[in-house]
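Student: Sharing a structure with you now.
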Amino acid sequence: MNDDENGDGERDFGRPSGGWRRRAHDVVFRNDSPAGRAFDVGLMVVILASVLVVMLDSVPPIAARHRAEFRTLEWIFTTLFTIEYVLRLACVRRPLAYARSFFGIVDLLAVLPTYISTFVPELAALIDVRLLRLLRVFRVLKLGEYLDEFQFLTQAFADSRRKILVFLTAVFVAVMVGGTVMYVVEGPQNGFTSIPISVYWAVTTMTTVGFGDITPKTDLGRFIASFMMLLGWGVLAVPTGIVTAEMTARRTSRIVLRRICPACGAGGHDADASYCRLCGAALELESAAPAPDQSGAPMRRPTSR
């Protein structure tokens, strides 16, 4: 089978050939079965509940009244996430590859704070409690593993990264030039004490935030500030257009890639494919979801050859 790609187009860490590990893999890493969907939904509920507990625990009056309950809930969440993490490592053929992946690191961060504060109290005492809460809130990143729309948006950002990098470079140049000009025009007597401070003012001005802690006093400085504000309005629309264009291009040109081979488990098959591109086994027609064409009408399912 293809070890680099699964049915959802995500990276695969090796699907076991059979036994309980293969069944567990299909439930944990896939959502094309009732058990897999139930696992994903249940895990999302646990993630949101755990983040809510962390947020409430940061409110002193609530934490003082319910400290014992929050401690118990935190251990329940940690136990569930630990079981999930161990199960993910156990049901793949390359556990180290998963452990080093983004979501593998997120899974580890989801359980690490509780164990640190319990088994290594000396180390926990040296760590700001806000940092431990931040690590726990990282659990919300696990939601991205179960949302197709999140993965679609992430891929759109990745595909447009070069254009966005060019755009950010142009913005950086404009901010540097604008801040340096304001440093020369206004000077230290009006609050622009250095070029870095002036660049900070240029950033807040171009992003139309305008904290008001530094303001130009001369007529020329106000004219430059007005120009940078208007420029900021135009600049804000550029990255939105770049990402939107990439998402539209992907959506209109996307082919159905969710078909799974029943024999080897490989994915990434075209909508009209009848046989697996790797092992040659016949594909099941019901595993392919119809996708809308350019006119919005659903595509017909391919007939077997």
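The values are calculated or read from the model by the stated rules, or taken from the named source; none is laboratory data. No experiment lies behind these values; they were computed from the predicted model shown. No Cβ is skipped: glycine too gets one built from the backbone with ideal geometry, and neighbour counts run over all protein chains shown.
Student: So, in the stretch 87-105, of the ones that are modelled with pLDDT under 90 and in a helix (DSSP H, G or I), which residue ends up surrounded by the most Cβ atoms within 10 Å (Cβ to Cβ)?
Tutor: Of everything passing the filter in the stretch 87-105, Gly104 is surrounded by the most Cβ atoms within 10 Å (Cβ to Cβ).
Student: I'd like to verify a number: residues in the stretch 193-214 that are farther than 30 Å from Ile164 by Cα and in contact (Cβ under 8 Å) with a residue 24 or more places away in the chain, how many?
Tutor: 0
Student: Here is a further query. Is it fair to say Val120 is within 22 Å of Phe29 (Cβ to Cβ) and of a type in the set (Val, Ile, Thr)?
Tutor: For Val120, the condition - within 22 Å of Phe29 (Cβ to Cβ) and of a type in the set (Val, Ile, Thr) - is not met.
Student: Oh, and also: From Leu108, Leu153, grab the single residue that is within 30 Å of Val53 (Cα to Cα), modelled with pLDDT of 85 or more and within 23 Å of the chain's Cα centre (by Cα).
Tutor: The unique qualifying residue is Leu108.
Student: With Arg136, Arg130 as the choices, which residue is in a helix (DSSP H, G or I), at pLDDT below 85, charged (D, E, K, R) and surrounded by fewer than 12 Cβ atoms within 10 Å (Cβ to Cβ)?
Tutor: Result of the check over Arg136, Arg130: Arg130.
Student: Tell me the helices (runs of 4 or more DSSP H) entirely within the stretch 146-238 that contain at least 3 residues that are out of contact with any helix residue (DSSP H, G or I) (no Cβ under 8 Å at 6 or more places or on another chain) and within 30 Å of Gly36 (Cα to Cα).
Tutor: Filter on the stretch 146-238 gives 148-159.
Student: For the structure I just gave you, tell me whether Ile62 is among the β-branched types (Val, Ile, Thr), within 20 Å of Lys142 (Cβ to Cβ), surrounded by 13 or more Cβ atoms within 10 Å (Cβ to Cβ) and not assigned by TED's automatic domain parsing to the domain that holds Ile260.
Tutor: no
Student: Looking only at the stretch 185-212, count every residue that is surrounded by 12 or more Cβ atoms within 10 Å (Cβ to Cβ) and more than 33 Å from the chain's Cα centre (by Cα) and tell me the total.
Tutor: Number satisfying all stated conditions: 9.
Student: If I filter the stretch 180-191 down to residues being touching a residue at least 24 places away in the same chain (Cβ under 8 Å) and not polar (S, T, N, Q), which single residue comes out as farthest from Leu220 (Cα to Cα)?
Tutor: Of everything passing the filter in the stretch 180-191, Gly191 is farthest from Leu220 (Cα to Cα).
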